Amino acid sequence: RCVINENNRTFVRSDMGTGKTHGMADAITDAMPHGVVIVVTHLTSLVKGNEERLTLLLKMRGESARIAHYSDDNAVDVADAQLILTTLHSLHSVIERIGGASRVSLVMFDESESVAQIMTADIMDKSRERVANALDELSVSGCKVVMLDAHLGTSTYAFCNAYLSGDWVMLDNK
């Protein structure tokens, strides 16, 4: 928690079952008073799973948040959301719908190796440029960025070098 609060760019490598989701909830709770929090992953099923786990963790702590699960197929209103869960494919739409990256205090990429690999996959051909522009906007906005993965490695590093500038700190819980 402290590492994330003190740094704008943080890599978190930690095995399954070591508390990454609890750490996400801590960072979200700390960041929400300062702006919108976005959690990005590569699969809609993971978005739904994160939504369920984070909602439960926040509730257990006596915290509440206006949460939106956004996808381009299900374009819900995110204007008043404090926490937005989405896939990489829809990130550009989220940034656009909230009025720009300047409203974002924290963006977390869960399963960052897979997110990074998706960016170069054929499935991103139609939206790659828009997503890259959204990542660039986030990069210059000053928001905190956290990359989370049990197997964090070369794909995440290459993704960050290409799209998210800054000095990165590694929190390695292996």
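Things to note:
- Each of Thr87, Thr18 has its accessible area taken with a 1.4 Å probe; listed largest first, they run Thr18, Thr87.
- Segment 71-174: radius of gyration over Cα atoms, expressed as a fraction of 2.2 N^0.38 Å: 1.04
- Cβ-placed point charges (K, R +1; D, E -1), dipole of the chain about Cα centre in debye, nearest 20: 320 debye
- Charge tally for Leu54 (other residues, Cβ to Cβ under 12 Å; Lys, Arg +1; Asp, Glu -1): 0.
- Rounded if a/c under 1.5, otherwise prolate or oblate - the chain, Cα gyration tensor axes: rounded
- Selected from Asn50, Asn74, Asn133 as most flexible by GNM, with the chain as the system and alpha-carbon contacts under 10 Å: Asn74
- Seen through its C-alpha gyration tensor, with square-root eigenvalues sorted a ≥ b ≥ c, segment 62-110 comes out rounded because a/c lies under 1.5.
- Taking the chain as the region of interest, the number of lysine pairs whose Cα atoms are within less than 21 Å, with members eight or more places apart or on different chains, is 5.
- Per-residue HN-Hα couplings for segment 93-103 [Karplus 6.51, -1.76, 1.60; θ = phi - 60°; Hz; x = Gly/Pro]: 5, 4, 4, 5, 6, 8, x, x, 5, 5, 7
- Sorted from longest to shortest, the spans of the Cα atoms of segment 1-99 along the three principal axes equal 33, 28, 27 Å.
The values are calculated or read from the model by the stated rules, or taken from the named source; none is laboratory data. Bear in mind that the values here come from a model prediction, so they are computed numbers and not experimental data. Counting neighbours? That spans all protein chains shown, and the Cβs are built from the backbone with ideal geometry, glycine included. Each accessible area value is taken on the protein alone, full model and side chains, heavy atoms only, with ligands, DNA and RNA left out. Shrake-Rupley method; radii C 1.70, N 1.55, O 1.52, S 1.80 Å.
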